[in-house]
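Just so it is clear, none of the values below were taken in a lab; they were calculated from the coordinates. Model, not experiment: these values are computed from the prediction. Positions of Cβ are backbone-derived with ideal geometry, glycine not excepted, and every protein chain shown enters the neighbour counts.
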């Protein structure tokens, strides 16, 4: 390197003399203070080093392009954005080493905003943590303070309407909380996972459009971006659009407030464009430059951004706490739910087959067979449709889904009863007994399953097979047990199993109604009546479930109190409880010798004293030597 011209900020002359020149002692250096009028005229082999601010660098870029300089940038106290954008090392010694040891300079693009150079980004509105480099070096407490500060503004945040137009005349009318435009994402910790196909020499710019539909969705985004540092491992959040183009025009009926490399301004229209390979630069160590940049092909990933009626709703009021479904989403879901509400031939066929399979599995005491029947059962579909009818008080949906559900229940009971009559088995095994005593825990399972079912129907990206939900809530096996009770003529079996089915039904409907309400498929005023009815039914079902749950808790308490307890030289083991009056206990008594009747009677009296109630004791004995 035969000659170096050092173009520097006169205010930093002491920095140049004391720190920079000693690092360049082996090179011929010409000093040139920056005045905005005098420019170096180096030869082909010379290099222009700069130690200037962002503002001064912007003023000299045109000269650098016109005069063909080979630029090397050194850190300056006021060159924050160019340092980030071009990956310049923060330590002066490292930056000088990068310049002196570089193999070659690279022709790089320059992003222009209304013809002003952009070194890092253009931030429109308040796109929060999408801002490149904003949290690159932030510690935990700094991120926590930033998170709290962002939360304070969400309650009053309002989306602004924008019209976005690319160089190839693709247009989008949408609403956004903010937009970030940048030339590449290679030097940004936050943007790099999203803009992995970007480069500083590919001739393209990138715009990230942040358009959340709710405060809760925005809070989830902030938590991921602030504390995980990566936005979904390279995937865009659902409400962030990505536009890649050579040029982008941003218009709005409202004034556009934006920040260009930290400088705030306001306008009615922004024109962003890329000047391809405008300057020749020695890149910093924090900027990766591809020798063969990716193809500069325009991209328009905006399918999840609001359009049409959704834009009008979002710009007319502060951001809602919960997402309100767009008209397009509502129509698509309603068409599907109306189809699911019908008692089609396939619905009835699957109901018959799943009931027969569940009944056979019950008699065989086979859990895998019963699980197969759960997956095969089609009843979840009309129940979800019924939930939407309850939510919106939609009479036709209520009637159709209610008719299908009632028909399915009757068919299941009939099939299970008929199969019971022709099966020469009359034993309550573990699989049948497990469905005769529902508790509040079963209601909890139904509630969670109903929420999952409603959410899966409302979101097109989630598979609607719902195998996991079907297994969890188990709609057909309780009906099969109820049919077995009818076939045997044992009404306690029928009522216990049918109560479990009602528990599942009411829990699913209540949870699905709440889920659809939170997803914005009905205003609360319209949903109030259906929600109240669902809560009343859940409350009515909860009464026997609560009694059963209390009984179960009491049985567990007794078992814990007696298991391993020693009295009269006897140890009590394998405690089993049968809820009758008086309490029926089955235990195994361990002793070092034979246990006679008086000793068993004494054990019974000690247990009654310990529990404070009368019992019937069934005891088996074992001698331990």
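Quick notes
- Computed log₁₀ I(q)/I(0) - Debye formula, equal Cα scatterers, no solvent, the chain, q 0.05 Å⁻¹: -0.42
- Region 3-58-region 468-531 distance, computed between alpha-carbon centres (Å): 77
- For region 4-103, the fraction of alpha-carbon pairs lying more than 16 Å apart is 52 percent, rounded to a whole number.
- Pairwise centroid distance, computed over Cα atoms, of region 418-452 with region 563-603, Å: 31
- Inverse mean reciprocal Cα-Cα distance (Kirkwood Rh) of region 489-593, Å: 17.5
- Cα centroid of region 165-186 to Cα centroid of region 261-314, whole Å: 7
- The mean sequence distance of close C-alpha pairs (under 8 Å, at least 6 residues apart), as a share of the length of region 4-103, puts its relative contact order at 27 percent.
- Sorting 550, 436 by the number of Cβ atoms found within 10 Å of their own Cβ, with the fewest placed first, yields 550, 436.
- Between helix 440-458 and the chain there is an angle of about 40 degrees, using the helix long axis and the longest principal axis of the Cα atoms.
- The antiparallel fraction among DSSP beta bridges confined to region 1-117 stands at about 15%.
- Peptides 486-499, 596-609 ordered by average Cβ neighbours within 10 Å, highest first: 486-499, 596-609
- Tilt relative to the chain, helix 215-227 - C-alpha long axis, 0 to 90 degrees, to 10: 70
- Shown for 403, 560: other C-beta atoms within 10 Å of each C-beta, ranked fewest to most, produce the order 560, 403.
- Taking 20 °C and 1.002 mPa s as conditions, region 563-623 diffuses translationally at an estimated 185 µm²/s according to Stokes-Einstein applied to its Kirkwood radius (Cα pairs).
- Antiparallel DSSP beta bridges within the chain, percent to nearest 5: 70
- Relative contact order of the chain, defined on C-alpha pairs under 8 angstrom at six or more residues apart (%): 10
- 0 to 90° range, to nearest 10: angle between helix 476-488 axis and the chain longest Cα axis: 10
- Proxy reagent accessibility, fewest Cβ within 10 Å first, across 592, 115: 115, 592
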